[in-house]
Amino acid sequence: MTDILIIEDDPEMGQIIKDFMIKEGFSARLCPTAEEALELLEGESFGIVLLDVMLPKMNGYETCTEIRKKGDIPILMMSAMTDERSKLLGYETGADDYIDKPFSIKVLTAKVRALMKRSGGGEQSGKLSGCGIELDTSSRIVTRDGAELKLNAKEFELLRYLMEHSGEAVSKDELFNAVWGCDCFTEPSTVSVHIRWLREKIERDPNSPEVIRTVWKVGYRFGEQR
């Protein structure tokens, strides 16, 4: 199964998205038209569809309706049409989420990860380690220096995302989109609260963190800077 099917008629934009997704560890296919994509979906399985709205011939809304007839694959719509009516139409035709163009590629990636997690796709088994911490993505067990840490679900996902991007400065918005997705009942400020709780469990001195460091005016970084 291929992780991501990108339906985008702008070749430069489509290639940028594809290249970045591959860099993030996903497999991806790029289709310039809805017709080509629908034909591809007949014979190949995908984890998620990134769907541009303004396509030649069959538009994104029509395409979304056709994809929905084939199954429950997650669909993320991408569009410069940012008015409420356009977004509602996207959801009504079966989209799971919507991102406005122009968008941050990192935010797009975070939305992709969140949708794939909720749908049960994109889960990779294995272990992440660093700063004396080991995180098992299969058993969801986290240890520090061999001692198990009791993390709640959001703390686990925050730590996993930061460890997956070890050494990188990750913004609060990126973390929020990766862990909470499109949960409209939660405020982005909750990231800071959960990071504080997480530090209390994994840091030797939560007031002087060495594992999850604050990056001024950006967000947080796991471990040392690359």
By the gyration tensor of its Cα atoms, with a ≥ b ≥ c the square roots of the eigenvalues, what is the shape of the chain: rounded for a/c under 1.5, prolate for a/b over b/c, or oblate?
prolate
Nearby aspartates and glutamates by direct alpha-carbon distance to Lys127 (threshold 12 angstrom, same-chain neighbours under 8 apart not counted):
Asp136, Glu164
Can you work out ³J(HN,Hα) from phi for every residue in segment 5-13, in order, using Karplus 6.51 cos²θ - 1.76 cosθ + 1.60 and θ = phi - 60°, giving whole Hz and x for Gly and Pro?
10, 9, 10, 8, 8, 7, x, 5, 4
If the chain between Ser166 and Thr65 were fully extended at 0.36 nm per residue, the gain over the current Cα-Cα distance would be 32.5 nm
Is segment 1-47 best put as rounded, prolate or oblate by its Cα gyration tensor, with a ≥ b ≥ c the root eigenvalues, rounded for a/c under 1.5, and otherwise prolate when a/b is larger than b/c, oblate when not?
oblate
How much length is gained if the chain between Asp72 and Met13 is pulled fully straight, taking 0.36 nm per residue apart and subtracting their Cα-Cα distance, in nm to one decimal?
18.6 nm
Under the rule of at least 5 residues apart or a separate chain, name every residue whose amide H is placed under 5 Å from the amide H of Ile73.
none
Degrees, to the nearest 10: 34-43 long Cα axis against longest axis of the chain
70 degrees
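Hey, what's the Cα Rg ratio for segment 37-106 versus the globular rule of thumb, 2.2 N^0.38 Å? Present the calculation step by step, with values, prior to reporting the outcome.
Details: Rg = 11.7 Å, N = 70, 2.2 N^0.38 = 11.1 Å.
Ratio of Rg to 2.2 N^0.38 Å for segment 37-106: 1.06.
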Placed amide H near Tyr98: partners under 5 Å, 5+ positions off or other chain:
Met77
Distant-in-sequence amide H partners of Leu149 (H built 1.01 Å from N, under 5 Å):
Val142, Thr143, Arg144
Which links in Lys18/Lys111; Lys70/Lys106; Lys69/Lys101; Lys150/Lys201; Lys117/Lys201; Lys87/Lys154 stretch past 18 Å when you go from one Cα to the other?
Lys70/Lys106; Lys69/Lys101; Lys117/Lys201; Lys87/Lys154
Carbon and sulfur: what percent of segment 1-106's accessible surface (1.4 Å probe)?
52 percent
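Under a 1.4 Å probe, what is the accessible area of segment 91-179 per residue, stated in Å²? Don't skip to the end; give the middle numbers.
Details: 3920 Å² over 89 residues.
Each residue of segment 91-179 exposes 44 Å² on average to a 1.4 Å probe.
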Here the convex hull volume per residue of segment 15-139, taken over Cα atoms and given in Å³, is 126 Å³
How big is the charge dipole of the chain about its Cα centre, in debye rounded to the nearest 20, if each Lys and Arg gets +1 on its Cβ and each Asp and Glu gets -1 on its Cβ?
840 debye
Pop out the ³J(HN,Hα) list for segment 164-169 in order, Karplus 6.51 cos²θ - 1.76 cosθ + 1.60 with θ = phi - 60°, rounded to Hz; leave Gly and Pro as x.
5, 10, 3, x, 9, 7
Explain nothing, just compute: Karplus ³J(HN,Hα) = 6.51 cos²θ - 1.76 cosθ + 1.60, θ = phi - 60°, for every residue of segment 54-59 in order, whole Hz, x for Gly and Pro.
8, 10, x, 6, 6, 7
Suppose we keep just the DSSP beta bridges with both residues in the chain; what percent of those would be antiparallel, to 5?
50 percent
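For the chain, which span is the longest to avoid every loop-located (per DSSP) member of chymotrypsin sites (Phe, Trp or Tyr not before Pro) having at most 12 other Cβ atoms inside 10 Å?
Working: sites that count: Phe185, Trp216.
The reported range is 1-184.
The values are calculated or read from the model by the stated rules, or taken from the named source; none is laboratory data. Predicted model, so just to flag it, every value in this text is computed and none were measured. No Cβ is skipped: glycine too gets one built from the backbone with ideal geometry, and neighbour counts run over all protein chains shown. When the accessible area is computed, the model is the full protein with side chains, heavy atoms only, and any ligands, DNA or RNA have been set aside. Shrake-Rupley method; radii C 1.70, N 1.55, O 1.52, S 1.80 Å.
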